[in-house]
Structure formats: structure tokens, C-alpha cells
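*Asks:* Quick one: structure below, then a few questions.
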Amino acid sequence: MADAQNISLDSPASVGAVAVPVVFALIFLLGTVGNGLVLAVLLQPGPSAWQEPGSTTDLFILNLAVADLCFILCCVPFQAAIYTLDAWLFGALVCKAVHLLIYLTMYASSFTLAAVSVDRYLAMPLGQGPA
């Protein structure tokens, strides 16, 4: 037992090794459930974005939910691995694919939110500004 290290649970390294995966697991769980529920509501049969041609708000919300769900499913587990592990274990191709997906989903979310803002601004009647 001379090779065994005596590590206390009070050391910052062991607290981070436990806290980081727990936080990423909560983000993964809440993001997947929340965006999955949004998709379930918007894609259910009946009046939705696909049946009403004038419902741009539903299309914006659907686009944002898909982009966020892609980020949660494809990027968050790898980000947890980056923060937890000392080295990248998944190879160069996966590294490039994950970084591509991070930027792709980030831009999709940002541009969708910008489009929602412009749409809401244009929906205000002329002469009425924010109070």
C-alpha cells in the first residue's frame, strides 16, 4: 500500500472532479427534457407551425429548440470530457466535428434570436415604441 495516494475529499481537485460532471449532467438532462418538450408541443398534430403558414413565431421557436437540442446532445458531453479529463481521447476528427457543431449551433441560435427580435420589432404598429 506504499503506492496508494491519500487524497482528501476537501482538496479542490477532487471537488472539481465531482462537481463538473454533476453540473454538466444537470445541464444535459434539463436541456434535453426542456427542448424535447418544446419539440413535442410544436410538432404534435393539429395547429402548429406546419399547418399555419403565418406562424413565424412557431418556426423561430422550433428552429431555436432544434439548435439548442443539437448543442446539448452533440457538444455538452464532449465539453464535460474536456473539463474533466486531462487529455482528448476521441481523436482529431471528432475534435474538429465537435468544434464545428459548437460554432454551427451557436450561430444558429444567435441568428434565430436576432430574427425573432427583428420580427417582434416589425410587428409593432407604427408610432408605438417601447413604453
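The values are calculated or read from the model by the stated rules, or taken from the named source; none is laboratory data. Remember, predicted model here, so these are calculated numbers, not experimental data. So basically every Cβ, Gly included, is an ideal-geometry build from the backbone, and we count neighbours across all protein chains shown.
*Asks:* Assuming residue 65 fulfils every condition listed in (1) assigned to a helix (DSSP H, G or I); (2) over 12 Å from the mean Cα position of the chain (by Cα) apart from one, which condition is it?
*Replies:* Answer for residue 65: the failing condition is (2).
*Asks:* Still on this model: With the checklist (1) surrounded by 11 or more Cβ atoms within 10 Å (Cβ to Cβ); (2) without any contact (Cβ under 8 Å) to a residue 24 or more places away in the chain; (3) within 30 Å of residue 14 (Cβ to Cβ); (4) of a type in the set (A, V, I, L, M, F, W, C) in hand, flag the one item residue 111 doesn't pass.
*Replies:* Here residue 111 clears every test but (3).
*Asks:* Then there's this: Taking residue 20 and the conditions (1) surrounded by 14 or more Cβ atoms within 10 Å (Cβ to Cβ); (2) touching a Cys at 6+ places or on another chain (Cβ under 8 Å), which numbered condition does it fall short on, given that it satisfies the others?
*Replies:* Looking at each condition in turn, residue 20 falls short on (2).
*Asks:* Take residue 118 and tell me if it is at pLDDT 90 or above, out of contact with any His (no Cβ under 8 Å at 6 or more places or on another chain) and within 24 Å of residue 34 (Cα to Cα).
*Replies:* On the way: at pLDDT 90 or above: yes; out of contact with any His (no Cβ under 8 Å at 6 or more places or on another chain): yes; within 24 Å of residue 34 (Cα to Cα): no.
Spelling it out, it is not the case that residue 118 is at pLDDT 90 or above, out of contact with any His (no Cβ under 8 Å at 6 or more places or on another chain) and within 24 Å of residue 34 (Cα to Cα).
*Asks:* If you scan the range 86-108, which residues turn out to be surrounded by 10 or more Cβ atoms within 10 Å (Cβ to Cβ) and small (Gly, Ala, Ser)?
*Replies:* If the condition is that a residue be surrounded by 10 or more Cβ atoms within 10 Å (Cβ to Cβ) and small (Gly, Ala, Ser), then 97, 108 are the ones that fit.
*Asks:* Within the bounds of the range 68-86, is there any residue that is in a loop (DSSP other than H, G, I, E, B), modelled with pLDDT under 95 and either aromatic (Phe, Trp, Tyr) or over 13 Å from the mean Cα position of the chain (by Cα) (or both)? Spell out the reasoning first.
*Replies:* Start the filter on the range 68-86 by keeping residues that are in a loop (DSSP other than H, G, I, E, B), which leaves 75, 85-86.
Retained after the next criterion (residues that are modelled with pLDDT under 95): 75, 85-86.
Adding the requirement that they be either aromatic (Phe, Trp, Tyr) or over 13 Å from the mean Cα position of the chain (by Cα) (or both) leaves 85-86.
Within the range 68-86, one or more residues are in a loop (DSSP other than H, G, I, E, B), modelled with pLDDT under 95 and either aromatic (Phe, Trp, Tyr) or over 13 Å from the mean Cα position of the chain (by Cα) (or both).
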